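> There's a structure below that I have some questions on.
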Amino acid sequence: MKILILGGFLGSGKTSVVIQLAKYILGSNPENKTKVVILENEIGEVSIDDKLLRGSGYEVANMFSGCVCCTMAGELVIGLHNIIRDFNPELIIMEATGVAYPDNIRETIEQSLPDADCSITCITDAKRWKRLFRPMEMLLKGQLDAADVILINKTDLVDGDTLDEVEASIRTFNDMAQYFRISAAEPIDTAVFEAVLGIEQRSFK
Amino acid sequence: MMKSDQIKQHEHGENCECGCHDEHHDEHHHHEHKPITITIHDMSVVGSYTFSIAKSYQESETILDDLLKQAAKKVTDLGGIIGHIKAFLKSEGESCMISITDDESNKRYVKESQCTVEGVAIVFCIEPEQLQDILENVFKEYISE
C-alpha cells in the first residue's frame, strides 16, 4: 500500500493538486478498481477543503481542528488502521495542513505501518516564496527538507527570472528531491503525477 | 475512488474510536459552533468563523470577497503575515414542501435569499486577541443577524 503525504505551506495549492491528481488517477479509466482514499486534514474548527473536493466530484474523509503531524497524531494512526482494515486501499492521499511537518507524519505512519510505502510531495508557492522565506524560514525548511518531490506552483504568476531565483532558494533546503514547475490553475503534465505517485505506481492509472 | 460516505457508513457512537472523525470531524455530529473561535497552533493563530448572509448568492459572493479582503488588509496593517484566509460560501437556494392528502401531491416552492459562510483565517505574527477583534469587526454585521 502506498501513502502519499501532500505537504506545503498554507495556500500553496495542495487541494488544487489533489483535485487534479484524483482526476488523473480516475480520468482515463473510470472502471478502475483501484482503491484510493483521500484524507484531508485541516487546522481550523471548520473544514473548507473537503467541501471544495466534494464540489469537484470527490468526497473525502476529513480530520480537522488539529494537525496530524503533532496534536492529532494518535487520531491519524487509529484512522489509518481502520481505513486499511475496512477498505484495504492501494493508495491513500493524505493532504496535510499548511503548517504540518510532513516528515513527522511519515515518521508516525512508518512506526505504525512499517510496510507502507510512504512518500512526501511538497507544494511551494512561487508567488509568495520571497515574501514568506524569511519570516517562515524554519517552517518552510521543515516542510521541504524531507520531500521526495517538490512542486513549485503558481509559476504563471511570476516571471522566468523570479522563478529561477525561487527554485534556487528552495533548493538550499532540499537539493535531493525531484523538482517540477507547475501551475495548478492549468492542467498539470501527467509526468508530474507519475513522479508524485512513483514510477512503479503507474498501475494506478 | 472511495467515498467518504463509505468510510463513514458505520455507526459512530459517543465513544467511537474509528479515527475517521472526532466530535468536530464528522458531519453526522451536528452541534452549534460559536460564530468566531480563535485557537493557536505552533506559530499560527487560527480564526474559524461561521455566519449567514441574508442576500442572494451573487450578492453574498461580492460581500464575502470584500469582507475577506478587509480582514486580510487589517492583518497586514498590524504587521501580521497571512497564511491563508478562506471561506466556503453556500447558497441555501430553493426549497420545496411536498404534501399529499389523497393520491396527488401538492408542491410549494420557497426561494430563500440566504447564504451560509464557513471559513478560517490562519495568520502569523499577530496576537490571538487581535485576530479576534479583526474578525469580529469585519463580520459584525452578519454575526449579529
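> When you go through (1) within 13 Å of chain B (Cβ to nearest Cβ); (2) more than 23 Å from A:E165 (Cβ to Cβ); (3) open to solvent by 10 Å² or more (accessible area, probe 1.4 Å); (4) within 16 Å of the chain's Cα centre (by Cα) one by one for A:S119, which number turns out not to apply?
(1)
> With the requirement that a residue be at pLDDT 80 or above and either hydroxyl-bearing (S, T, Y) or surrounded by fewer than 20 Cβ atoms within 10 Å (Cβ to Cβ) (or both), what does the range A:34-47 give you?
A:S47
> What about B:V46, is it open to solvent by less than 60 Å² (accessible area, probe 1.4 Å) and in contact with a helix residue (DSSP H, G or I) (Cβ under 8 Å, 6 or more places away or on another chain)? Walk me through how you get there before you give the answer.
Details: open to solvent by less than 60 Å² (accessible area, probe 1.4 Å): yes; in contact with a helix residue (DSSP H, G or I) (Cβ under 8 Å, 6 or more places away or on another chain): no.
For B:V46, the condition - open to solvent by less than 60 Å² (accessible area, probe 1.4 Å) and in contact with a helix residue (DSSP H, G or I) (Cβ under 8 Å, 6 or more places away or on another chain) - is not met.
> Continuing with this model, one more query. Provide a single number: the residues in the range A:61-102 that are closer than 20 Å to A:K141 by Cβ and part of a helix (DSSP H, G or I).
Going through the range A:61-102 one residue at a time, the tally reaches 1.
> Against the condition within 25 Å of A:I43 (Cβ to Cβ), touching a strand residue (DSSP E or B) at 6+ places or on another chain (Cβ under 9 Å) and without any contact (Cβ under 8 Å) to a residue 40 or more places away in the chain, how does B:F51 come out, does it pass? Reasoning before the result, please.
On the way: within 25 Å of A:I43 (Cβ to Cβ): yes; touching a strand residue (DSSP E or B) at 6+ places or on another chain (Cβ under 9 Å): yes; without any contact (Cβ under 8 Å) to a residue 40 or more places away in the chain: no.
So B:F51 does not fit the description; no.
> Please work out if A:V166 is of a type outside the set (S, T, Y), open to solvent by less than 50 Å² (accessible area, probe 1.4 Å) and farther than 18 Å from A:T97 by Cα. Talk me through it step by step, then tell me what you get.
Details: of a type outside the set (S, T, Y): yes; open to solvent by less than 50 Å² (accessible area, probe 1.4 Å): yes; farther than 18 Å from A:T97 by Cα: yes.
Here the answer is yes, as A:V166 does meet what is asked.
> Here's another thing I want to ask about it. Write out, first by first residue and then by second, each pair whose Cβ atoms fall under 9 Å of each other, whose residues are 6+ apart or on separate chains, and whose first residue, in the range A:140-157, is closer than 10 Å to A:A126 by Cα and touching a residue at least 24 places away in the same chain (Cβ under 8 Å) while the second is of a type in the set (D, E) and open to solvent by 20 Å² or more (accessible area, probe 1.4 Å).
Qualifying pairs under 9 Å: A:I152/A:E167; A:D156/A:E186.
> Select from the range B:36-59 the residues that are under 30 Å from B:Y109 (Cα atoms) and either modelled with pLDDT of 95 or more or outside any helix (DSSP H, G or I) (or both) and list them in ascending order. Don't jump to the end; show me each part of the working.
Applying the first criterion (under 30 Å from B:Y109 (Cα atoms)) to the range B:36-59 yields B:50-59.
Of everything in the range B:36-59, those that are under 30 Å from B:Y109 (Cα atoms) and either modelled with pLDDT of 95 or more or outside any helix (DSSP H, G or I) (or both) turn out to be B:T50, B:F51, B:S52, B:I53, B:A54, B:K55, B:S56.
> Looking at the structure I just gave you, is B:E27 open to solvent by 50 Å² or more (accessible area, probe 1.4 Å), at pLDDT below 95 and either under 15 Å from B:K86 (Cα atoms) or more than 7 Å from every other protein chain (Cβ to nearest Cβ) (or both)?
Numbers: open to solvent by 50 Å² or more (accessible area, probe 1.4 Å): yes; at pLDDT below 95: yes; either under 15 Å from B:K86 (Cα atoms) or more than 7 Å from every other protein chain (Cβ to nearest Cβ) (or both): yes.
When the stated conditions are applied, B:E27 passes them.
> Just checking, does the range B:80-101 include any residue being free of Cβ contacts under 8 Å to residues at least 12 places away in the same chain and out of contact with any strand residue (DSSP E or B) (no Cβ under 6 Å at 6 or more places or on another chain)? Before the answer, list the steps.
Filtering the range B:80-101 for residues free of Cβ contacts under 8 Å to residues at least 12 places away in the same chain gives B:98-101.
Then drop every residue that is not out of contact with any strand residue (DSSP E or B) (no Cβ under 6 Å at 6 or more places or on another chain), which leaves B:100-101.
Yes: the range B:80-101 contains one or more residues that are free of Cβ contacts under 8 Å to residues at least 12 places away in the same chain and out of contact with any strand residue (DSSP E or B) (no Cβ under 6 Å at 6 or more places or on another chain).
> Continuing with this model, one more query. Looking at A:I105, is it hydrophobic (A, V, I, L, M, F, W, C), touching a residue at least 24 places away in the same chain (Cβ under 8 Å), closer than 28 Å to A:H81 by Cβ and assigned to a strand (DSSP E or B)?
On the way: hydrophobic (A, V, I, L, M, F, W, C): yes; touching a residue at least 24 places away in the same chain (Cβ under 8 Å): yes; closer than 28 Å to A:H81 by Cβ: yes; assigned to a strand (DSSP E or B): no.
No, not satisfied.
> Moving to a separate point now. If B:H12 satisfies every condition in (1) in contact with a Cys (Cβ under 9 Å, 6 or more places away or on another chain); (2) modelled with pLDDT of 60 or more but one, which is the exception?
(2)
> Which of the residues belonging to the range B:60-90 are under 30 Å from B:K111 (Cα atoms), within 11 Å of another protein chain (Cβ to nearest Cβ), out of contact with any Lys or Arg (no Cβ under 9 Å at 6 or more places or on another chain) and not hydrophobic (A, V, I, L, M, F, W, C)?
B:K86
> The conditions are (1) open to solvent by 40 Å² or more (accessible area, probe 1.4 Å); (2) facing chain B (nearest Cβ under 9 Å), and A:N82 fails exactly one of them. Which is it?
Checking A:N82 against (1) open to solvent by 40 Å² or more (accessible area, probe 1.4 Å); (2) facing chain B (nearest Cβ under 9 Å), the one that fails is (1).
The values are calculated or read from the model by the stated rules, or taken from the named source; none is laboratory data. As the structure is a computational prediction, the values presented were derived from the model and not from experiment. All Cβ positions, glycine included, derive from the backbone under ideal geometry; neighbour counts span all protein chains shown. For accessibility, only protein heavy atoms count, side chains too; no ligands or nucleic acids. Shrake-Rupley method; radii C 1.70, N 1.55, O 1.52, S 1.80 Å.
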